[in-house]
Structure formats: C-alpha cells, structure tokens
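Colleague: Provided herewith is a single structure, encoded as structure tokens, for subsequent inquiry.
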Amino acid sequence: MGALIAEDLLFPADAGTRAIARDLHAAVRDLPIVSPHGHTDPRWYALDEPFPDPAGLLIVPDHYIFRMLFSQGVRLEDLGVPTLDGSPVETDGRAIWRRFAERYFLFRGTPTRLWFDYTLQNLFGLHEPLSAATADAHYDAIAAMLATDAFRPRALFKRFNIEVIATTEGALDDLKWHEAIRQSGWDGRVVTAYRPDAVIDPDFEGFDANLDTLGEITGCDTGQWAGYLDAHRKRRAYFRSFGATSSDHGHPTAETANLANGEAATLFDRIRRGAGDPGDHRLFRAQMLTEMARMSLDDGLVLQVHPGSWRNHSPAVMQRFGRDKGFDIPTRTDYVAALKPLLDAVGVEPSLSVIVFTLDETSYARELAPLAGVYPALKLGPAWWFHDSPEGMRRFREMTTETAGFYNTVGFNDDTRAFPSIPARHDVARRVDCAFLAGLVAQHRLREDEAHELAHELAYTLAKKAYRL
Amino acid sequence: MGALIAEDLLFPADAGTRAIARDLHAAVRDLPIVSPHGHTDPRWYALDEPFPDPAGLLIVPDHYIFRMLFSQGVRLEDLGVPTLDGSPVETDGRAIWRRFAERYFLFRGTPTRLWFDYTLQNLFGLHEPLSAATADAHYDAIAAMLATDAFRPRALFKRFNIEVIATTEGALDDLKWHEAIRQSGWDGRVVTAYRPDAVIDPDFEGFDANLDTLGEITGCDTGQWAGYLDAHRKRRAYFRSFGATSSDHGHPTAETANLANGEAATLFDRIRRGAGDPGDHRLFRAQMLTEMARMSLDDGLVLQVHPGSWRNHSPAVMQRFGRDKGFDIPTRTDYVAALKPLLDAVGVEPSLSVIVFTLDETSYARELAPLAGVYPALKLGPAWWFHDSPEGMRRFREMTTETAGFYNTVGFNDDTRAFPSIPARHDVARRVDCAFLAGLVAQHRLREDEAHELAHELAYTLAKKAYRL
Amino acid sequence: MGALIAEDLLFPADAGTRAIARDLHAAVRDLPIVSPHGHTDPRWYALDEPFPDPAGLLIVPDHYIFRMLFSQGVRLEDLGVPTLDGSPVETDGRAIWRRFAERYFLFRGTPTRLWFDYTLQNLFGLHEPLSAATADAHYDAIAAMLATDAFRPRALFKRFNIEVIATTEGALDDLKWHEAIRQSGWDGRVVTAYRPDAVIDPDFEGFDANLDTLGEITGCDTGQWAGYLDAHRKRRAYFRSFGATSSDHGHPTAETANLANGEAATLFDRIRRGAGDPGDHRLFRAQMLTEMARMSLDDGLVLQVHPGSWRNHSPAVMQRFGRDKGFDIPTRTDYVAALKPLLDAVGVEPSLSVIVFTLDETSYARELAPLAGVYPALKLGPAWWFHDSPEGMRRFREMTTETAGFYNTVGFNDDTRAFPSIPARHDVARRVDCAFLAGLVAQHRLREDEAHELAHELAYTLAKKAYRL
C-alpha cells in the first residue's frame, strides 16, 4: 500500500512470468519517449507559460473523465465544460476537483484511473488515494507545484524524457507556434502533422470557405481539381518544413476510391459548386485518401487512417457544448473492401507507409492483420482511443501478432491532449507489452533474448522507424 | 474429489490470485439473492405445491439441456418434450433421466454442467458424478426429496436466501398468482415485470385480438393511438401495484424510432387496420421502445431491451414442438445507429434507466460500453443467455469495464425458469466476478479494499439500485 | 536452452496447471496422426521420389512464409515464386534460404515460427536457431538429409505415424496418383476428398468447359440439370472408391438455397447458356451446397463448408504470380441466415454431417456454437487458416465450448500442403488443447479423468468419428 502505483503494475500474477516481465520492463522503462501522434498544444512549448489550476489542467479538458462523470448524472456545466452560447458554467476549480474526487471510485478498472494515479504519484509526488477526504490537500499540493518553474511545459518535456513529440495541425494552420518554438532556440523536438479533414471532408463545417482560404494561402486555384491537389502538395511541403513526417485522416469509414483523373475532376467540380449529394461527399473523401497516398509516395509523409467513429452522437450535447465532448462512438468498420482501391493503386509499394487504426476490434484478426501481413505499404497502428488500455492492448497483441507479426506494427501512440499523462500512457503500454512478451517466453514461444530485442523495438525503435522520425 | 463442486471452483490457478478471490468470495457468498429479471412461475409461490419428478423438474423444461442432447441425435420426443398436436412422447421420468445421465459427458465444459453439479451437491446432497451407473440412485434420491415439504417452492425460496425475485408476465396477464401470493400472507417478496411484446409486436401471434383484449381490460380505446398508449399506462400502473419496477422487451433488433405524434398515430392506424407492411411492423416496434422509455420517465419503471435473437430458427421443430425449444439463435446486432432515436429523445435524462442486453459480444467494447459510459440513461445488462457462463461473464468484464466502468453495469440476472438452479447461477456469477477482481488486484490495478467494495456491489447492491428494488 | 522446442512449449505458466497439461499431453503426444482434411500431393506417396532442396520444399511453396517476407519488402521473385508469364525468378535455393534466414526474426510470435523450429529440431535434428549466421550450415544439413531414403515421402509418412491422410482433388481429377498408390501395394492409408468448386462455381475459370468435361468423364448429360446432378453422383461414387469420406466446398460466403426442382433447373439452364448474372451465380453456388448435402444423405460423404475468404485480393499479384500467393483475406461472414435454407432442408437429420469452418471468429460464440449446439447435422470445424495458431485455437475453445460442448467439434485438421510440418501442426494443436483442458481442471470445471478422456478424443477419436475414417 502507500504507493498508488506498484512496482509490478500490470505484470502477470504468476511469479516466474512476472520476473521475466520485470526484467524486460527494467530494460525499457527509461528509454526516451517517442510520441509520433498526439494532440498537445504547440503553444505550450512556444510560450512555456505555467499550466492553469489542477482542474483546468487535469479534468475540464479530459473527455475520458467528464464522459464517465456525465454517465453517472453529473452535469457538464458543473465540471466547468464551457457552453457554446457562453451560458455560465462552474468556474471554481476546487469545486470541480471535489466533484471529481468524490466520484473517483467510478473509474475503478479503467485506464483513466491508472494514468491519474501514475500522474499523482510520479509527477506530483502524492501517495494517498484521491477521494473526498484527500481532495483539498491534493488540490493545494498540485496547485502549488503548477505555479513553479519546474512544472512549466518545457521543464516537463525534459523531465518526461521526450525525444520527439508530434502535434497535429489543420491544413490551414499557419504553424506560428511551431515557428515560435523554432525561433526560440529551445532544443526540444516538436514536429507537426498534416491533418487536412477540414479541406477534404465536404461535410466539414465551412468546407467551401476553407477551400477558398486554402487557395489564398497557397496561391493555387482551389476552384479546380488540379489546383486543389497542388494546394495540398504545397501545404504538405510547408508542414514538412516544420518537421512533419505524417498526415492524419479522421474519416467516418475506411472507404477509399481510385477514380480516373477526369472523373475525380468532375466530382470535385460538382462538390465545389455545392451540387454534391451525400454519395458524392463519401466518394470524395474516399478518393482523397488515395490521392494522399500518392502524394506520400512522392514526399515521404506517412499516411495515417483513423476511421470508424460516429462523431457527436448526441445532438443535445453537440448543440450545447460542441464537438469532442465524449460522444464519439465507435461503429462497425470494414477494411477488406474499403481499402482495396487504395491498395490496388499503391499497396505493394514498399516505400509507402500507410498506418491503419481501428475502433472495431473484430477487424484485428479477421481483416487488418491479414492485410498488414502481406501488403508492404500497410502497417497496423496500435490499440486506439477506447482500446488504449491494458485489456485493449493485450487483445491487440493477441489478435494481430500471429498473422502480422510484431514488425508490421508501429509501436505506441499516446494520441493525447493530456500532456501530464504522457509518461503514464507510455509506461502502461510498455508494461502491457512486456507482460505479453513475458507470457510468450514463459510458454516457450519466444526466447528471452528475443523478448528483450522486441521490448526495445516496441517501446522505442518501431515508432521511430515507422514514422521516419 | 468426491465433492462435485470444489471450494475453489472457477478461481484463478495462480495461488496468490486464488487466495484473493477466495477472500472476496467468502465475503459475498452468503449475501441474499436479488433476482431482478427471470422467468420462474408465480404459480409455484402462490400454491406452494410439490415439484414434479426429477426429469419433469430438471430436464424436460430446460432448453439448455434438451438442445444439446438433440444436437447429438436424441429425439425431443424421447426427452418428454410435448408435441403441439399431442402425439405421444416419453412419459416415463426415469427413462428420460437415464437418457440424460448416459450422455451427461456431453455437457463437459458447459455452464449447464456446473449448474447441474452444484444443484446435485448443494440442493440434493449428492456427491457422485451423474452417469449411467448412478442414474437410478440419483433419481430415487431426488424423487424422494421432492416429495417432502422441505422441497416445496416457498421452503426453497427461503433456503435459497432470496431477498426478492421478479417474474415476467405478459401485458394481458391478470396477475392472479401474484394476487394469490399477496392474499396468502406469505412474506416472500415476488414482484412482476411488464412484458408487452404480444401487444407491441405486430408480428406476434394474435396481435390484433390481443389489442382488443387490452382495450377490454383497461377500458381504453385501443382502436386509436392515444387510447392504445393510455392502455399501456394503465397496465404499467397495474403491474406496479404488484411490485413491478421494470418492463422487458424482446425485440428482434435494437432499432428505435422517434416519430412525431401524428406520424405515429397514422402508423398505428395502418397497422391496426391490418394494412401494415413488414417495414411498418419494424418501425412500430422501434417507435414503441421510445414510447415505453417516455412512460418510464413518468412512472419510474426500468426499461430492459433484450434484442438480437432469431427466434424458432427451425420451422420443422417449431411446427412440431412450438416456441422456446432451443432454436433461438443470436444474430449480429447494431446499437449505435439503432438506439440513437431513443437516446436523442431521452438518453441524457439521469432519472431514466434503460438496461441493454446483447447476444452479440462484439458490441461490448465497440458500442455498448462507449454508449453506457457517457449516456446517463443507459446501463449495461449482464452477460446474457448463451453468454451467462464463466467465459462469457469474463469477456463481459474484460470488454466493458475499461470504458464503462463497473458502475454502469447492473449486477447479475439469472434470467431463468429453472428455479432449482438459481443459487448455482448466482454463485457462478459471484465466483467469476471475484476471480476477475482478484486478477485486477494481483496486477495492482485495484486495491484489495476496493475489490471488496466492488464484490459486494456486483453481487448485491448494483442490482437493487439499478432495478430500484 | 539449446533446444528450439521446449518440453513445455505452450503449456500454462502456472506450475500446477502446467503439470496437469504435461500429463495430458504425455498421454496423447504419441497417438497416430489422423489428418482428415489437407492438401498434400498424392503424387508424393505414389512415386516416393526425394523432395527437392530445402528452399524448394520449405519456403517457395509456403504462403505463410512468403506473404510475411513480402509484407516487409522482399520481392516474390527473390523468393523463387514462379511468375505466370515465365519471366525469371531466383532459382538458387541457397540464396532464397539465406534471404529467409536473415529475416527469420520477422516470424517471432507467429505459428510459422513454431512449426519451423519444430521441424528443424524434430525432423532434421538441428538445435541452433535459424539466422543469417546458421543459414548455410542448416541448408547443407537439410539438403544432405533430403537426399537420403529416410526422407522420402513414404518413409516420412511412417515416421510421422500417420494413420490416415486425406488429400483433396477436383471433381475432374482422374485420381491416377491414388490409383498408383493402390497399385503399388504400399500400406499407407491415403484417401481423397471431393472438391467440386470448378464445376459448381460459375465464376470459376473455365466453368463451362469444365462442365463439358464432367459430362464426358461421366457419360451424363451435363447440359441439363438432372444430368448434371447425376454426374456429381457418379464422381462422388468414384471418389468414394478411392476412400473419400468427405466433400469440400470453398465458397465466398456461407449462403445456401433450397429452390424447387423446376426453379433450380431453370437457373441451371440460364447459367449453362452463359446468361446468368452475378446474382444467378451466387444463387447457384448456394443451391449446390444444399444439393451436395442431399447427396451426402444418400452416400454418406461428410460435407465441409469453408466460406469467407476474399481470394486474390491484389490484382497486381494475381496477374503476375497467380492464385494462392498469400492474398486471400478473410471477410465478415454470416451463418444464421445463410445456412438456414440448407438447415431447413436437412439440418435435423442425425445421419448427416455438415462441418462448418470460419475465418470470422466473431461467429464462434454468436452464431456457430449456438447452431452446432442444437442442429444434429451441424458440427464445428477447428480453428482454420489464419486462426490455426495457439491464440486462434484457444479462442476457438473459449468461444465455442460453453455452448456447443466439445462433442460438436471434430478434432484437428492440419489443412496443409506442407508435408514436413504435419507433425508440428498436430503437436501444437494437441498442446493447446491440453493446455485448455488443464485450465478447466485447475479451475475445477472438469475432473482430471474427464480431461484425459477429452484429450484423447480431441487428438484422435473425434476426427475419426466425424470424418467416418
């Protein structure tokens, strides 16, 4: 007791297997963090200002936390989640913190609990479980630390031993915070990633205006298909000049298409005139994945596909609080037919790297591992979002390794906006992978020297290789 | 050996984890049984007559048993399953019992085996495995016990330590056995549940006549939409007067709808005139789930949705033996789109409780846990029917806990007609949950004091809270 | 260390459970191999010629191996995979072997690694891990052994302790190698199986000409429905005269149909005239499964259904290298609706045996176990293809046993062309089953004497019974 996070967290119960897991983990626990895909704010690293109060840093922006509290009857207003129309919400950080602390038991068995305890202990040096009884003391202790220089973004970046971190910016972003980081002379490595959903998805708010802006920024004629593609090429080059090694695409499905150029141009015209129907919109998104893959062949950006989330499922919550409020729900996602047009076009190119993620675990063994286990261009992204958890990561390995092997996977993504949780997330992933490898060794399916090599690859090398970092 | 059920049944093999599981189980094994959803016959508690012979009690009515024997070539006639046309079947209980006993090995690895052995040992005090060799002796011993007062329904109810049990009655049922229980002055708590499929599903046999009857019983005009809804309100009130705290809906899919009132009325008229097509029937069932949810907001009944079974898959068996003969087969079931109309209407109401069950385990992690982990009105029913088994319950916890937590689940349902198996079923569930919690403790994902709290919640408190019992 | 395959390979880590698994395995490890479904070449047994060099035997024909190497950027040409147009590929066996050996680490965690190590150790007596460093020595050692009489097909057949093996031949095959085996007087038991895809699937290359040939071979009028069915009957009889006890059907889906005879005849006419559309082709395949089942009722052949593979997913690879090059990808497969017409027709016949396989593991617990657990004619084939692996076989047992039991499964199929790997594959299956049974015993869900009985059934008896061998 005492410690919130035990030395043997997540290791197998069997003593012999546990000892192997411990050895493996000891050899990788202090490796630098490579974070090739995430959503931290580059402004933090640019300005290096102190983080806000404990609730503002750890609760209000964390959809894992407020969705669970909401499911148990707590109003989002009472957690300080801002409304779109500006109607008032709780502003007292301590009150928000107390509401969370009183209900911390709700998170038993969830990864949020592990990440939060890890952060309390390893970042803030707190060793008492969070509860109504400890809420205030913990709040005060954390608030005091956040006010010190040692808890500013750059100091934490170094303390977390981050070798490189990728943020994600929209295609229209001017990357000024990345520019500011560069100008500052600070030596932390922060790169961007190209996320063009707002200029690729005709259903995105303001799509048409976004394309006008894209034309202005690039000097390309985004009123026409060829100019529109050129505009993408220019933005990709611009992003690459700020270290980008990947693009990222959050489509509703994994659908791809490979139209003849004339057809694609006609489709683009129809959509640009506002005359596209829902089928056109879908087809355009599908076509653009293949176009992005072709550009990747030229410029080397790794293509990431993140399909299968039904965004903003509750209109009531969307209307009052906007996007990203915990109401994105996974749906059944097909890959074998959906990816075929893209794979037919570029799937056997060994120089291309397309990383596919899924929220539908049934596709791991049935579709994704068989595809990634044969197409040179295809790699499997790690267990994602709701599945970025001990059971989720275990299922990922159990259902992909036998067909795709370890080397068609790409290491770990923390995929988070929650900067303080990054070490916790990477440590959990390393522990789960070490536990999995230890199980293979204990069953004589792998030699221990191989497990050591693999632990290092999974924790560090594969992410660098796959993302070309 | 000797004992059919070991002390450590279903506990993890690892000694340390097993010790934790044992401790957890010891603290909950004697808690009263709360059975919020099941199908025992209220007549038993009303009349308190002796149960029939061993085969008539334990084999003939148990579809888990006769479906397995049928799959291995035993005719249903030879197991005493009655035919619809009255053509003769086996009536000799001992002969039926022997057929079962000779083939008891077929049940190795199934939950039926565990429930049956538990019942042999703990209810009947028998310690020899059932087989051809022991068939007669076991039959005689059980038959003798069933003839005694200690084995009548009310005595067993007390012996089983049942705090409350819910039966399920159709909307047209007069609840006379519940009335008789009340009149008898017996202090066992038996409540009903409102199951209106026969007056909600236009494909149900006799739907139109059922609606006429519903009108007669309630004095409402069930020829019109408004009167039809009023009739439901009256029946729900009547069921509540016999303790009902829930309604239960066995639809083929999870589809819901939320039509404008005028549209719903028109749809109802069309169906009531017999002019509805299959799409109308589907839409009507979908609409009625939302109507039931709205009534629940008013009267507080918990809404249970049990979708996804293809009933009576074999026409040959249906024609000869009728419904519920083991030929109900699960199908792929979608929830994210299907539940949206209902959730849009009432999903963020914290005072509503909609409990969703599934026969499609792929929906646990992908759809149901993400939905229940954010919508205040939604809770997850336990592993159901074919999945009410050690592996099924383990998968349920592994695939739901990380996203929905424990507190968006509702404890255990035995869901059975098989009264003598109730203690076995609850004990198996408690053991599996304790084993799961012990695994979390052994991996330091949960403290032992938390596991004790949770074991109590899962075995007892959550069912009472979720079902408002 | 030293040994590539440990005594305790694949056994549970927990000492007590491992001891049980060891005992169970010790009792079945030396049982004869019954291989009721596979794809070895009968010519081998007929001619008993030496196998080619190590690469030609172990790498070039193994799609598990070359698909993984291809996924990591190795060209199929460099692995000696022949092109359709005869353009040159690597012919130096040693060069191919070296390319594989250098990348052997890619197979960590895959079943290929286990089978290969097992073969190195137990067939060739090699104890050093394969790598760039050991490539040449291993190559030389294996090449030398392959040149000796002890490594000819018949000698290996005996050494592998194969009691009976089934090959698979197309409906038009003359079975001359089977005839030659018979004429040779050799006492190894090699039987054929009836695989009529080329004369059942209208999308098969040369379907129409195949039907002409079928008519010539049988003397039946395959221009008409009745004659076409008769031709099947004659070929089935001919195959039975060479020991066939089963037919095998590799359809894209599990769809079945049960048309009236007149409708079926009309459909056949349309297809035979080349006037069928894709829907007709699908319906014809569906109808033919039911026809085959009806013939099975007459002649006793076991019907095997292997649905759900999207064949030759990459047109580029198909065009250059042809079929079976690792690009067959599983797809979502439905059984409950798809099998219904066949089951309605013959599903409750206890004398019929239809064995269903799946590449979609989500159907195990949801559809296949519930169906096989009640229909007397239906049995579950073992974990298949990508799932013929330790995790795949474990999931198969975990997801089918509780509902279908063990006795509605049919033992193990090696399903392989890779003759030298047959003992490895059977041993892996036996180990996984013993580990699973040991887990049940350790959790007191099964007595040890029952586990011993079951281990014997799963390793030997069930395959003989189910396939009537």
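Colleague: Between a residue in the stretch A:400-415 that is facing chain C (nearest Cβ under 8 Å) and any residue that is at pLDDT below 95 and open to solvent by 10 Å² or more (accessible area, probe 1.4 Å), which pairs come within a Cβ distance under 9 Å, given they are 6 or more apart or on different chains?
Modeller: If the second residue must be at pLDDT below 95 and open to solvent by 10 Å² or more (accessible area, probe 1.4 Å), no pairs are left.
Colleague: Any residue in the stretch B:163-173 that is on the phi > 0 side of the Ramachandran plot and open to solvent by 40 Å² or more (accessible area, probe 1.4 Å)?
Modeller: Looking for residues that are on the phi > 0 side of the Ramachandran plot and open to solvent by 40 Å² or more (accessible area, probe 1.4 Å), one finds none in the stretch B:163-173, hence no.
Colleague: From the list C:GLY219, C:GLY188, which residue is modelled with pLDDT of 95 or more, out of contact with any Asp or Glu (no Cβ under 7 Å at 6 or more places or on another chain) and closer than 30 Å to C:VAL164 by Cα?
Modeller: After applying the criteria, what remains is C:GLY188.
Colleague: Quick one: how many residues across the stretch C:301-314 are open to solvent by 10 Å² or more (accessible area, probe 1.4 Å) and either modelled with pLDDT under 95 or more than 11 Å from every other protein chain (Cβ to nearest Cβ) (or both)?
Modeller: So the answer is 2.
Colleague: Condition test on C:GLU457, is it of a type in the set (Asp, Glu), in contact (Cβ under 8 Å) with a residue 12 or more places away in the chain and surrounded by fewer than 24 Cβ atoms within 10 Å (Cβ to Cβ)?
Modeller: Answer is yes for this residue.
Colleague: Hey, could you check the stretch B:33-52 for residues that are within 23 Å of B:ALA144 (Cβ to Cβ) and either assigned to a loop (DSSP other than H, G, I, E, B) or at pLDDT below 95 (or both) and say which is least open to solvent (accessible area, probe 1.4 Å)?
Modeller: B:PHE51
Colleague: Here's another thing I want to ask about it. Could you please tell me which pairs satisfy a Cβ distance under 6 Å, a separation of 6+ or placement on different chains, a first residue in the stretch C:191-209 that is aliphatic (A, V, I, L, M), and a second residue that is open to solvent by 20 Å² or more (accessible area, probe 1.4 Å)?
Modeller: Listed pairs, sorted by first residue: C:VAL191/C:GLY243; C:ALA193/C:THR168; C:ALA198/C:GLY170; C:ALA198/C:PHE204; C:ALA198/C:ASN210; C:VAL199/C:ASN210.
Colleague: Shifting gears a bit: Please state which one of C:TYR364, C:TYR375 is out of contact with any strand residue (DSSP E or B) (no Cβ under 6 Å at 6 or more places or on another chain), closer than 23 Å to B:PHE107 by Cα and either open to solvent by 10 Å² or more (accessible area, probe 1.4 Å) or facing another protein chain (nearest Cβ under 8 Å) (or both).
Modeller: C:TYR375 is the lone residue from the list that is out of contact with any strand residue (DSSP E or B) (no Cβ under 6 Å at 6 or more places or on another chain), closer than 23 Å to B:PHE107 by Cα and either open to solvent by 10 Å² or more (accessible area, probe 1.4 Å) or facing another protein chain (nearest Cβ under 8 Å) (or both).
Colleague: Identify, by number, the condition in (1) at the interface with chain C (Cβ under 10 Å from one of its Cβ atoms); (2) surrounded by 24 or more Cβ atoms within 10 Å (Cβ to Cβ) that A:ALA337 doesn't meet.
Modeller: It is condition (2) that A:ALA337 fails.
Colleague: Does A:LEU84 satisfy the criteria of being open to solvent by less than 20 Å² (accessible area, probe 1.4 Å), closer than 19 Å to A:ARG320 by Cα and modelled with pLDDT of 95 or more?
Modeller: No; evaluated as a whole, the condition is false for this residue.
Colleague: Next up: Looking for something facing another protein chain (nearest Cβ under 8 Å) and either closer than 27 Å to B:PHE396 by Cβ or touching a residue at least 24 places away in the same chain (Cβ under 8 Å) (or both) - is there at least one such residue anywhere in the stretch C:424-441?
Modeller: yes
Colleague: Hey, any hits in the stretch C:116-138 for a residue that's among the aromatic types (Phe, Trp, Tyr), outside any loop (DSSP other than H, G, I, E, B) and either touching a Ser or Thr at 6+ places or on another chain (Cβ under 6 Å) or more than 23 Å from C:ALA6 (Cα to Cα) (or both)?
Modeller: No, there is no match, as no residue in the stretch C:116-138 is among the aromatic types (Phe, Trp, Tyr), outside any loop (DSSP other than H, G, I, E, B) and either touching a Ser or Thr at 6+ places or on another chain (Cβ under 6 Å) or more than 23 Å from C:ALA6 (Cα to Cα) (or both).
Colleague: Could you tell me which numbered condition C:ARG468 fails, if it satisfies all but one of (1) part of a helix (DSSP H, G or I); (2) in contact (Cβ under 8 Å) with a residue 24 or more places away in the chain?
Modeller: With respect to (1) part of a helix (DSSP H, G or I); (2) in contact (Cβ under 8 Å) with a residue 24 or more places away in the chain, C:ARG468 is out only on (1).
Colleague: Just one of B:ARG189, B:ARG240, B:ARG182, B:ARG195 is assigned by TED's automatic domain parsing to the domain that holds B:PRO420, within 20 Å of the chain's Cα centre (by Cα) and within 12 Å of B:TYR45 (Cβ to Cβ); which is it?
Modeller: That would be B:ARG189, the only listed residue that is assigned by TED's automatic domain parsing to the domain that holds B:PRO420, within 20 Å of the chain's Cα centre (by Cα) and within 12 Å of B:TYR45 (Cβ to Cβ).
Colleague: Can you pull out every residue in the stretch B:372-412 that is hydroxyl-bearing (Ser, Thr, Tyr) and in a helix (DSSP H, G or I)?
Modeller: B:THR400, B:THR401, B:THR403, listed by residue number.
Colleague: Right, here's the next one. If you go through the stretch B:94-115 one residue at a time, do you hit one that is closer than 26 Å to C:VAL348 by Cβ, in the same structural domain as B:MET145 (by TED's automatic domain parsing), acidic (Asp, Glu) and touching a Lys or Arg at 6+ places or on another chain (Cβ under 9 Å)?
Modeller: no
Colleague: Of these, A:LEU9, A:LEU4, which one is within 21 Å of A:ASP136 (Cα to Cα), within 14 Å of chain B (Cβ to nearest Cβ) and part of a loop (DSSP other than H, G, I, E, B)?
Modeller: A:LEU4
Colleague: Turning to a different aspect of this structure: Which ones in the stretch B:263-277 are within 17 Å of B:ASN210 (Cα to Cα) and in a helix (DSSP H, G or I)?
Modeller: B:PHE268, B:ASP269, B:ARG270, B:ILE271, B:ARG272
Colleague: Can you pull out every residue in the stretch B:315-332 that is within 9 Å of another protein chain (Cβ to nearest Cβ) and surrounded by fewer than 24 Cβ atoms within 10 Å (Cβ to Cβ)?
Modeller: Those that are within 9 Å of another protein chain (Cβ to nearest Cβ) and surrounded by fewer than 24 Cβ atoms within 10 Å (Cβ to Cβ): B:PRO315, B:ALA316, B:VAL317, B:LYS325, B:ASP328, B:THR331, B:ARG332.
Colleague: Let me ask something else about it. Looking at this structure, is A:ALA13 of a type in the set (Gly, Ala, Ser), farther than 30 Å from B:ALA404 by Cα and open to solvent by 10 Å² or more (accessible area, probe 1.4 Å)?
Modeller: Against the criterion (of a type in the set (Gly, Ala, Ser), farther than 30 Å from B:ALA404 by Cα and open to solvent by 10 Å² or more (accessible area, probe 1.4 Å)), A:ALA13 does not qualify.
Colleague: A further question on this structure: Any idea how many residues of the stretch C:51-78 are within 13 Å of chain A (Cβ to nearest Cβ) and among the hydrophobic types (A, V, I, L, M, F, W, C)?
Modeller: Residues meeting the conditions: 7.
Colleague: So for the stretch B:445-463 (the condition being at negative phi, hydrophobic (A, V, I, L, M, F, W, C) and away from chain A (no Cβ under 14 Å)), does at least one residue qualify?
Modeller: yes
Colleague: Mind counting the residues in the stretch A:361-418 that are of a type in the set (Asp, Glu) and closer than 25 Å to A:THR167 by Cβ?
Modeller: Count: 3.
Colleague: Of the numbered conditions (1) modelled with pLDDT of 95 or more; (2) at positive phi, B:ASP324 fails exactly one; give the number of that condition.
Modeller: The number of the failed condition is (1).
Colleague: Give the residues of the stretch B:16-32 that are part of a loop (DSSP other than H, G, I, E, B) and open to solvent by 60 Å² or more (accessible area, probe 1.4 Å), sorted by residue number.
Modeller: Scanning the stretch B:16-32 gives B:ARG29, B:ASP30.
Colleague: Need the failing condition index for C:ARG395 against (1) open to solvent by 10 Å² or more (accessible area, probe 1.4 Å); (2) within 20 Å of the chain's Cα centre (by Cα); (3) away from chain B (no Cβ under 14 Å), just the number.
Modeller: It is condition (3) that C:ARG395 fails.
Colleague: Restricting to the stretch C:113-157, count the residues that are touching a Gly at 6+ places or on another chain (Cβ under 7 Å) and open to solvent by 10 Å² or more (accessible area, probe 1.4 Å).
Modeller: Residues meeting the conditions: 2.
Colleague: Go through B:ASP203, B:ASP230, B:ASP208, B:ASP248 for me and flag whichever is part of a strand (DSSP E or B) and either touching an Asp or Glu at 6+ places or on another chain (Cβ under 9 Å) or surrounded by fewer than 16 Cβ atoms within 10 Å (Cβ to Cβ) (or both).
Modeller: Among B:ASP203, B:ASP230, B:ASP208, B:ASP248, only B:ASP248 is part of a strand (DSSP E or B) and either touching an Asp or Glu at 6+ places or on another chain (Cβ under 9 Å) or surrounded by fewer than 16 Cβ atoms within 10 Å (Cβ to Cβ) (or both).
The values are calculated or read from the model by the stated rules, or taken from the named source; none is laboratory data. Here the structure is a predicted model, which means the values were calculated and not measured. Note: ideal-geometry Cβ built from the backbone for every residue, glycine included; neighbour counts use all protein chains shown. Areas reflect the complete protein model, heavy atoms only, side chains present, ligands, DNA and RNA absent. Shrake-Rupley method; radii C 1.70, N 1.55, O 1.52, S 1.80 Å.
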